[in-house]
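The values are calculated or read from the model by the stated rules, or taken from the named source; none is laboratory data. This structure is a prediction, so every number in the text was calculated from the model and none was measured. For neighbour counting, all protein chains shown are included, and Cβ atoms are generated from backbone atoms with ideal geometry for every residue, glycine included.
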Amino acid sequence: MAKQMSIEGSHVAPVVKALSSDVRLKILSLLSDGDLNVQAIASRLGLSKTATLVHINVLEQAGFITSQYRSSSAGNQRICHKEYDRLVFDFDPQKSDADDEAYYENEVPVGNYFGFDVWAPCGLATHNQIIHKWDDPTTFYRVERVEAALAWTAFGYLEYHIPLDPLFIGKRITKVKIVLEAAAHHMVKTHKALCLPPGVSADRITEDITDITFWVNGTEIGTQTVGVGRVREEAYFTPTWWRTLPYYGEQLRLSLNEGGCFINKRKTSNLICTQLLGQQERYFTLRLGIKPDAKHMNGIMLFGREFGRYNHGLLVKFFIAD
């Protein structure tokens with residue numbers, strides 16, 4: 001299964017350097033057929049072992065390959081493995097974060113929620129297996145939930161506590177950026193385990209499209225419509241045992257700043273970051289869910305690390321005023 005490396009502007013220099021050599025491109029091509037030791041790579045390129053190592057080190061520093069040392073009759077051998085097959089450069093002409101206020105990043109696993117209301121079909125899964133069993137809401141109480149790389153529910157919500165670094169407690173947060181991967185559920189209306197809360201009719205389910213609403217500290221900040229990721233080849237991190245749609249979700253970028261709230265650069269609320277967060281104490285709450293009056297209602301699939309198209313959970317970046 002093809003694996004994708006995604007880079008942003010501040011990380012492009014080592015990648016450009018790694019790909020600026022025909023020799024290094026040939027090394028990546030050789031490793032597409034399987035792992036090789038340094039001597040084998042050097043032999044196929046017609047280079048000395050020393051020259052080959054220089055190129056391998058550049059590729060490793062850029063993250064394209066990794067190396068392991070294995071014992072053999074000829075001594076320890078350095079075995080090279082290619083990590084990625086595709087490269088995506090996210091070019092954003094806006095000012096980079098490096099030029100902005102002081103900030104720090106945090107990643108919250110999708111299974112590390114602190115509140116929930118889920119309805120079947122629902123469940124949790126790690127990269128390797130289903131947690132507990134399919135379509136049982138009590139699964140969401142289990143301690144193994146923190147290992148989840150995928151969470152889904154036909155209706156309801158998941159709520160997270162986004163922790164604030166102790167060094168920044170009491171300071172004014174001027175901006176928060178949140179990145180996550182989410183999709184609509186699939187075939188909810190005809191699912192044999194379907195169970196919705198009283199007052200929510202199955203007739204309102206819209207197949208393969210859903211409206212996900214976000215709340216920060218209990219205040220609604222916006223809604224985004226998402227669909228179903230259908231192309232298996234684009235589900236770079238979804239394990240082969242997962243055989244039902246969706247295979248991946250859409251990347252959603254939330255931004256809370258002094259101009260309001262935005263989802264994928266679309267303004268969704270006039271509330272500004274300092275109104276929502278103020279001088280935050282230890283954490284803020286982020287809830288994502290389906291509203292009872294949603295125009296499109298088809299559940300939520302939330303993808304985390306080692307599942308879907310993007311290899312991360314909920315990425316959160318805080319910007320702090322001096």
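Of all residues being surrounded by fewer than 22 Cβ atoms within 10 Å (Cβ to Cβ) and more than 14 Å from TYR113 (Cα to Cα) in segment 139-166, which is farthest from the chain's Cα centre (by Cα)? Just the residue, please. Result: PRO166.
Residues are listed down the side, and each one gets a yes or a no for (1) of a type in the set (Asp, Glu); (2) modelled with pLDDT of 90 or more; (3) crowded, with 16+ Cβ neighbours inside 10 Å:
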position: THR225; (1), (2), (3): no, yes, no
position: TRP242; (1), (2), (3): no, yes, yes
position: LEU252; (1), (2), (3): no, yes, yes
position: GLN279; (1), (2), (3): no, no, no
position: ARG287; (1), (2), (3): no, yes, yes
position: ASP293; (1), (2), (3): yes, yes, no
position: HIS296; (1), (2), (3): no, yes, yes
position: MET301; (1), (2), (3): no, yes, yes
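For segment 36-59, how many residues are surrounded by 15 or more Cβ atoms within 10 Å (Cβ to Cβ), polar (S, T, N, Q) and either in contact with a Lys or Arg (Cβ under 8 Å, 6 or more places away or on another chain) or not in a helix (DSSP H, G or I) (or both)? Residues flagged as surrounded by 15 or more Cβ atoms within 10 Å (Cβ to Cβ), polar (S, T, N, Q) and either in contact with a Lys or Arg (Cβ under 8 Å, 6 or more places away or on another chain) or not in a helix (DSSP H, G or I) (or both) within segment 36-59 amount to 1.
Considering segment 113-138, and only residues there that are more than 24 Å from PRO197 (Cα to Cα) and under 18 Å from the mean Cα position of the chain (by Cα), the residue that is surrounded by the fewest Cβ atoms within 10 Å (Cβ to Cβ) turns out to be ASN128. Whether a residue is within 20 Å of TYR103 (Cα to Cα), buried (at least 16 other Cβ atoms within 10 Å of the Cβ) and among the small types (Gly, Ala, Ser) was assessed, and GLY260 passes this test.
Would you confirm whether or not segment 262-271 contains a residue that is in contact with a Leu (Cβ under 6 Å, 6 or more places away or on another chain) and either outside the structural domain of HIS191 (by TED's automatic domain parsing) or not β-branched (Val, Ile, Thr) (or both)?
No - not one qualifying residue is present in segment 262-271.
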